[in-house]
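Accompanying notes for the structure given below.
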Amino acid sequence: MIGGRFDSEFSSFLRTLKQKNDIVEVVRSYVAVDRKGGNYWACCPFHHEKTPSFAINEGEQFYHCFGCQESGDVIKFVQEIESTDFMGAVRILASRVKMTVPESNFDTEEAARKKKKRDAMAKILLDSARFYLGNLYSGDAKADPYLQYISNRGLAPTTVKKFGLGASLDFYSLPDYLAGKGYFKEDLIDSGVLGASEKNGRLYDALGERLIFPIINAFDEVIGFGGRKLEKVKFGKYKNTKETMLFDKSKTLYNVNLLKKLKREQSLQEVIFVEGYMDTISLYQAGFKNVVATMGTSLTKEQARLAKRYTDNVLISYDGDFAGQNADLRGLEILKDAGLHVRVVPMPDGLDPDDVAKQGADAYQQCLDNAMPVIDYRLHTLERKFDLDKTEEKRRFIGEALKIVRDAESESEREVLLKKIRDKTGITYQSLERDLQNVKKEVTSAEPQDFKERMAETASGTDKQQKAKRFILAARLFSAPYAMGVSVTDLPLKDETHIIIARYIADREEQGERIRPSELFEFLDENCAEFNAILDLNYGDKLSGGVAERFFADSLKTLQLESIEEEIAELNQQYAQATEEEARKQIAVKLSQCIQKRKALKKA
C-alpha cells in the first residue's frame, strides 16, 4: 500500500491547495506560456534555452522539461523557482488562493520538531538583530567607533536603519540577553549567532566586536549575519554566521528583500550584482536600489535562479583591481545557463563600486553606461595582461584573443571582435580571419572523439531491459489503451523508483481510483532521475499508435525473457549444488520447462 508523507488532514489540505492552484496559471505568473497541441509549453526557467522544451500537463497537473529533466507538481515548481523549502512553497500557494495552512502540518514527530526548531531559530535571529541595532544607538562609548566608521563611509542614519546595521560591542552581552529570553542553549548555537567555548562550554557571540549586517531573505526573515572587524587584521575581516537550516549563503543574495519590494513598485530592467555588503548599501543610498550582493562567494545556480525571478538582465559590478576582474568572470556561464543576459561593468583600477559611489551617482552611472557583453569584457581583461608594444607579448595576446573570438555566437559578432583586435594590434583583418580559421579547425578536430565518449557513456547507462521497464511503466502511468490489464507488480523490477511506481499503479487500480502521475512526486525523492526518464516518454507520439503498441509488446517479451534467464541461472546453480539424485531430477525438469518457455518466447 502506497502512503504519502502526511497525515490525512494535511493530505486533504494539499489536494485542495493543488486544485485551487492550477499549475498552468502558477507557471504563467513566472514565465511566458503558450499552448501547442494538448500541452502548454514554455522556455524552461531552470536552464537557458531558446526553443521551449518545458511542458506543462494541465490534465495531470505536473510539469516536465525535456531539456534539463526537471519535473514536479505545482508545489515543487514553486519550491524550485522561489528557492524555498516544501512548507515555504505551501505557504506561498496558500497565500495565493487565500487558504489557511493547518496548524498540524506533518504526521511525524521529526517534521514537527524541525518546524518548531526553525521557528525558534527565526525568533533568535530577529531578537539578535534588534539587540545589535540597539547597541549602535545605546550611547555606550564602545559604540562610538562603529558610529564613526559608518559616518566615515558616508552612510545616512536612514540608510543604516533601512539595512538594520548594528554592532556587537563585546562577546558576552548577546548571550546574556538571549538567555534572559528563555531560549534553549542548543537552539542558540544552531541558529549561528552564538558559539560555545571548548574549554568551559560558555556561550559567546560568534560575531563579537564587529559591525553587523543582518542578512534578510525574500520573505523579510532575518536568516543570518555578516560581521566586519573595524581594525586591520591579516585575514577574516568579514565573517558570516555559519550555515543553518535557515541560512545557506549559496542560495542567498544580500538585499533581495528590498529588491523584491522594488519590483512590486516598478518594473525592473536590470539587477546589479556586487560582491559585498558595503558596495550594496552605498549604491542603494546613491539611488541604485536594484542592487544585490553575492557576499564574496562565487556565483551559484541558485543565486542565478533567484535573480531570474526579478529580471532577465544582470550587470556584474565587482572591484576594479585584477582580483576583482577575475572574479567578474566567475559564474558568468551559470548566469547565462539560467537564461539571463549578462553585461560586465568595467571599474577604474583599484576602485570598487563603493568608492565610485562616493564620487556621486553620475560617476557610477558612467560606469554602468560603459557595461559591455561578457565576450567583449573578456577581451578587455585579456588586453590588460599584455604589453602590446612588445612583439612577443602582442603575439601571445593575439593567440589568446582569437580563442575568445572563437566562442562568439554569430559571424557578425566575430567580425566586430576581429576589428577590435585589428585596431589594438595593427594586424590586418584578413590575417586575423585566417588565423581564426586555424584556431577553429584545431577545436573541431577534437570534437568527434568527445562526442563518441559522450555517446558511449549514454549507451552504457541505458540497456535494453532498462528501456523496456521505463516504457511499460510510462504506458501504464499515462493509461495507454494497449497497456491496460498488464500487472506491473509481476515485472522483474529491481530499481527502487520502478518498484514505487509499480506499487502506486497497483494500489490505485485496487482502490478503483484514477492513476495520476503527479501524485508520485509525493512519494519519490526530489530530482529523481529515473522518474524523469520515464516522464520523458510522455512526449509526442512516443506512447501512442501502432509503433508504440508493438514496442510495448516487445518490451514485455524482453522482461519475460529476463525473468526466465534469471530463473534458468538460479536452477543451474541449484543443480550444481544438489547432492541427491532425486533433487537433481526435479531441478532438471524445471530447467527443461524454462528452456522451452525461452524458445517459445524467442519464436513468438
Starting from the 7 Å offset along Cα-to-Cβ, what nm value, one decimal, do you get for the label separation of Y172 and K336? 5.6 nm
Regression test value, accessible area per residue of region 121-218, probe 1.4 Å, units Å², expected 47 Å²
Rough spin-label spacing in nm, given labels placed 7 Å along Cα→Cβ, for Q366 and D22: 5.4 nm
Which of the lysines could be linked to K403 by a straight reach, that is with a Cα gap under 27 Å, when you skip same-chain ones fewer than 8 residues away? K50, K301, K336, K385, K390, K394, K419, K420, K424, K440, K441, K452
Hey, with R₀ at 30 Å, roughly what FRET efficiency would F184 and M99 work out to, going by the Cβ-Cβ distance, to 0.05? 0.40
Within straight-line cross-link reach of K20, lysines at Cα separation under 22 Å, skipping those fewer than 8 residues along the same chain: K76, K98
Karplus-derived 3J(HN,Hα) from phi for region 277-291 (6.51 cos²θ - 1.76 cosθ + 1.60, θ = phi - 60°), whole Hz, x at Gly and Pro, runs 4, 5, 4, 4, 5, 5, 5, 4, 5, 6, x, 9, 7, 8, 10
Using +1 at the C-beta of Lys and Arg and -1 at the C-beta of Asp and Glu, which of L491, S282, N240 has the Cα lying farthest in the positive direction of the dipole of the chain? S282
For the chain, what is the calculated [θ] at 222 nm in deg cm²/dmol (nearest 500), taking -39500 (n - 2.57) for each run of four or more DSSP H residues and dividing by its residue count? -16500 deg cm²/dmol
Which of the chymotrypsin sites (Phe, Trp or Tyr not before Pro) found in region 502-604 are in a DSSP loop and have at most 16 neighbouring Cβ atoms, other than their own, within 10 Å? Y539
Before anything else, pin down the relative contact order of the chain: Cα pairs under 8 Å, at least 6 apart, normalised by residue count, whole percent. 10 percent
Förster-model FRET efficiency, 35 Å R0, D490 and K36, C-beta, rounded to 0.05: 0.40
With r as the distance between the Cβ atoms of Q511 and S563 and R0 = 25 Å, compute the FRET efficiency 1/(1 + (r/R0)^6) and round to 0.05. 0.35
Any idea how far apart I499 and S151 come out in nm if each label point goes 7 Å out from Cα toward Cβ? 7.1 nm
Note, ³J(HN,Hα) from phi for region 346-358, Karplus 6.51, -1.76, 1.60, rounded to Hz, x at Gly and Pro: x, 10, x, 3, x, 10, 10, x, 4, 4, 5, 4, 5
Along region 562-573, what does the Karplus equation 6.51 cos²θ - 1.76 cosθ + 1.60 (θ = phi - 60°) give for ³J(HN,Hα), rounded to whole Hz, x for Gly and Pro? 4, 5, 5, 4, 5, 5, 4, 4, 5, 5, 4, 5
Where the only charges are on Cβ atoms (+1 Lys, Arg; -1 Asp, Glu), what is the dipole of region 198-323 about its Cα centre, to the nearest 20 debye? 240 debye
The chain: angle of helix 86-96 to the longest principal axis, Cα-based, in degrees nearest 10: 80 degrees
Extension gain from N313 to D389, taking 0.36 nm per residue of separation minus the Cα-Cα distance: 23.7 nm
Neighbour-limited loop hits for GluC sites (Glu not before Pro), region 498-604 (at most 15 other Cβ within 10 Å; DSSP other than H, G, I, E, B): E513, E526, E580
Please report the carbon-and-sulfur percent of the accessible area for the chain; probe 1.4 Å, protein heavy atoms only, DNA, RNA and ligands left out. 48 percent
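The values are calculated or read from the model by the stated rules, or taken from the named source; none is laboratory data. For clarity, every value in this text was computed on a predicted model and none was experimentally measured. Note that we place each Cβ from the backbone using ideal geometry, even for glycine, and neighbour counts take in every protein chain shown. Each accessible area value is taken on the protein alone, full model and side chains, heavy atoms only, with ligands, DNA and RNA left out. Shrake-Rupley method; radii C 1.70, N 1.55, O 1.52, S 1.80 Å.
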